[in-house]
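Here's the structure, in structure tokens; my notes come after.
The values are calculated or read from the model by the stated rules, or taken from the named source; none is laboratory data. Quick caveat: nothing in here was measured; it's all calculated off a predicted structure. Quick reminder, even Gly has a Cβ in these numbers, built from the backbone with ideal geometry, and neighbours come from all protein chains shown. What goes into the accessible areas is simple: the full protein's heavy atoms, side chains included, and nothing from ligands, DNA or RNA. Shrake-Rupley method; radii C 1.70, N 1.55, O 1.52, S 1.80 Å.
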Protein chains: 2
Amino acid sequence: MEIKSADNQNVKKWEKLRQKKYRDEYGLFIVQEKHLISEAISKGVLEHLLVREGCSNPFNKEAITVSDKVMKKLSSNVSLNDYIAICRIEKNELPQANSYILLENVQDPGNVGTIIRTAYSFGYDCVILSEECASLYNEKTIQASQGALFHIPVVTMNISEAIGKLHKMGVKIFATTLSSSHFISETKPFEKYGLLFGNEGQGLKEETVKLCDENIKIEMANFESLNVAVACGICAYYIKNNLK
Amino acid sequence: MEIKSADNQNVKKWEKLRQKKYRDEYGLFIVQEKHLISEAISKGVLEHLLVREGCSNPFNKEAITVSDKVMKKLSSNVSLNDYIAICRIEKNELPQANSYILLENVQDPGNVGTIIRTAYSFGYDCVILSEECASLYNEKTIQASQGALFHIPVVTMNISEAIGKLHKMGVKIFATTLSSSHFISETKPFEKYGLLFGNEGQGLKEETVKLCDENIKIEMANFESLNVAVACGICAYYIKNNLK
């Protein structure tokens, strides 16, 4: 199959997938980098593979050949992509597991993606995003996750509801906050736990902190200010590896 | 003083400060956010303060009133800035100190800025950037540093030369690399040390690793892949706080 015109109905539809509203409506999202497309194929979520005319297809999957014009319309990169995958959104249910990372209102897609990458690297079982977080299927989230979103279940849901459900499963929640908290190195481990991080500027909402079991913070010399993905990396590493 | 025309010679000059070449030539850089401008003023590097017409000046410094057109030309933000500071680049010399963070060819200005923020938060004494790193005075570096660049000396220099000088000061260098390395939790502390991190995709150059005293890595369950600013945060925290 071949699509030459940028006015093609499918191209117009796919272009809208930059916006969350249409990703939700169509249940589809775009993947743009070669190694990420390979991961999406392994995961079994590929719907359509687009290959730019003149490029060979390295994926061993049937492809639609598209013109440069079409590719340009669908690429968010400055340089033209050779491949684009249109993928299917699969909803994950909250799994019964041992370790979780929860994010409340983390706005930057780079931070959300980086945290998913960290969670997968340290063997966490699930990432939970509040509904106000940057979208999982935003191109910058996907890019920053380096494909980790295809390996670890990520669930988007109301954060209070998530904490309630986790409590019923016997999971203790650590809130990262500066007030009435103790240092992570003084923390005792739990068998099942979740680490909760808040918004880049405001941190966690007070009412959310109240739902949690312990407040923790990171020892710092100055500033009391870390990027949220860095703070998450330190807590995720330390609690996984040093509290056993 | 007042500048209304976007064709004003100074405005044309300042606009060029988006490019590293001109920042180096003029010895100037742009700061765009209110709290960052305050930090630049405290640091004593302010050359010109521009305030958009109709806005009050909260800085207690003499300002140039500029038109919306001028502000638009100098702003990199989508929304118009109310204030812009033109600041003087001050060269730092490599200080005699106890703890350093060194970066080789870290390309993303967000990563460089985030690492400077982390270094300052954990009380490191100096950050050293190789000449191929993203520029310290790139607007995204400044933004991600959250002003930390005004508090901690940052030196841009050849990385082999930096390691040589640090060795002469009795500073041991830890290279973060996956090959022939041991885990950070198995590392013994030194009185004076530097932590060295490499490029986002390629890591450290082999010849640079050879110059270092110890190779270290972070314990991971999967993937062996972390964002460089996250990896730096974990090592910087752990070595500063847990190896005493």
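Taking the Cα centre of the protein assembly as shown as origin and assigning +1 to Lys and Arg Cβ atoms and -1 to Asp and Glu Cβ atoms, the resulting dipole is close to 420 debye.
Helix-only mean residue ellipticity at 222 nm, chain A, DSSP H runs n ≥ 4 weighted -39,500 (n - 2.57), per residue, nearest 500. What is it? Helix-only estimate at 222 nm: -9500 deg cm²/dmol.
Each of A:Val155, A:Thr208, A:Ile173 was scored by the projection of its Cα onto the charge dipole of chain A, and the greatest displacement toward the positive side belongs to A:Val155; charges sit on the C-beta of Lys, Arg, Asp and Glu.
Using the 1.4 Å probe convention, the accessible area of chain B works out to 46 Å² per residue with neighbouring protein chains retained. Computed with every protein chain present, the accessible area of A:Met1 is close to 150 Å² [probe 1.4 Å].
Rounded to the nearest 20 debye, the dipole magnitude of the range A:99-242 is 380 debye, with +1 charges on Lys and Arg beta carbons, -1 on Asp and Glu beta carbons, and the Cα centre as origin. Annotation: amide H-H contacts under 5 Å for A:Lys172 (H modelled 1.01 Å from N, sequence separation of 5 or more, or interchain): A:Lys192, A:Tyr193, A:Gly194. Note that the range A:99-242 shows a convex hull volume over its alpha carbon atoms of 100 Å³ per residue. Taking the accessible area of the protein assembly as shown, probe 1.4 Å, and keeping the other protein chains in place, the carbon and sulfur fraction comes to 43%.
Between A and B, buried accessible area from a 1.4 angstrom probe totals roughly 2400 Å², ignoring ligands, DNA and RNA. Extending 7 Å from the Cα toward the beta-carbon at both B:Ser225 and A:Asn60 defines two label points whose distance is 1.9 nm.
Quick check on my link table: of B:Lys13/B:Lys43; A:Lys34/A:Lys73; A:Lys21/B:Lys140; A:Lys21/A:Lys43; B:Lys20/B:Lys210; A:Lys20/B:Lys34, which ones sit more than 20 Å apart, alpha carbon to alpha carbon? Show your work: numbers first, answer last.
Details: B:Lys13/B:Lys43 23 Å; A:Lys34/A:Lys73 18 Å; A:Lys21/B:Lys140 29 Å; A:Lys21/A:Lys43 24 Å; B:Lys20/B:Lys210 31 Å; A:Lys20/B:Lys34 31 Å.
In this structure, B:Lys13/B:Lys43; A:Lys21/B:Lys140; A:Lys21/A:Lys43; B:Lys20/B:Lys210; A:Lys20/B:Lys34 lie more than 20 Å apart at Cα.
The ellipsoid equivalent to the alpha-carbon distribution of the protein assembly as shown has semi-axes of 35, 32, 25 angstrom, derived from the gyration tensor eigenvalues as √(5λ) and listed largest first.
Over all orientations, the range B:2-88 has a Cα convex hull whose mean projected area works out to 5.3 square nanometres. Computed from phi, the 3J(HN,Hα) profile of the range A:132-145 under the Karplus parametrisation 6.51, -1.76, 1.60 (θ = phi - 60°) reads 8, 5, 3, 5, 4, 9, 5, 4, 6, 5, 4, 4, 5, 6 Hz, with x in place of Gly and Pro. In order along the range B:68-81, the phi-based Karplus estimate (6.51 cos²θ - 1.76 cosθ + 1.60, θ = phi - 60°) of 3J(HN,Hα) comes to 4, 4, 5, 4, 4, 5, 9, 7, 9, 7, 5, 7, 5, 6 Hz; Gly and Pro are listed as x.
So which chymotrypsin sites (Phe, Trp or Tyr not before Pro) in the range B:149-190 pass both tests, a DSSP loop state and at most 15 other Cβ atoms within 10 Å of the Cβ?
Numbers: sites: B:Phe150, B:Phe174, B:Phe183, B:Phe190; in loops: B:Phe190.
Passing both the DSSP loop test and the Cβ count: no residue.
For the range A:78-118, a decrease in accessible area of 10 Å² or greater in the assembled protein chains relative to the isolated chain, with a 1.4 Å probe, applies to A:Thr114, A:Arg117, A:Thr118.
All other residues with a Cβ under 11 Å from the Cβ of B:Ala6 taken together, and with Lys, Arg as +1 and Asp, Glu as -1, what is their net charge? Mind dumping the intermediate values first?
Numbers: positive: B:Lys4, B:Lys12, B:Lys69, B:Lys72, B:Lys73; negative: B:Asp7, B:Glu15, B:Asp68.
Charge balance near B:Ala6 sits at +2.
Seen against the Cα atoms of chain A and their longest principal axis, helix A:109-121 is set at about 70 degrees.
Inter-chain neighbour count for B:228-239: the average number of beta-carbon atoms from partner chains within 10 Å of each residue's beta-carbon is 6. Counting only alpha carbon atoms, the long axis of helix B:159-168 and the longest principal axis of chain B meet at about 60°.
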